[in-house]
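Reviewing the structure listed below.
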Amino acid sequence: MDLLPNMKSSPAVEREKRAAAAVDSVAVNMGKVHGSLAHAGKVRGQTPKVTKQDKKKKPHGCVHKRMQYNRRFVTVVVGFGKKRGPNSSEK
């Protein structure tokens, strides 16, 4: 691997060689993390099919902006404690 065998290598080169050797040994000793591909899609295949329900269409444009404004600023409940986020399910 050395191009010039009679020249001394610097400590940085020695560190690089040791690091490369360590990476190689780690790659050999690593185990499997996930299952085999034979089990792929198992859970999705087991779940029962539920048909989608009809939903009311969402408003667009200025109507939607008015809804956002009302939700964020007008109907805000002021209470004690930490402020709730927009996706909070607590009542």
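No value in this document is a laboratory result; all are computed from the given coordinates. Computed from a predicted structure; not experimentally measured.
Under 5 Å between amide H atoms, partner at least 5 residues away or on a different chain: which partners does R84 have, H built in plane at 1.01 Å?
Residues meeting the criterion, in which the H sits 1.01 Å from N, do not exist here.
Any idea what log10 I(q)/I(0) is at q = 0.16, 0.18 Å⁻¹ for region 29-91, Debye with uniform C-alpha scatterers and no solvent?
Computed log10 I(q)/I(0) values: -0.82, -0.87.
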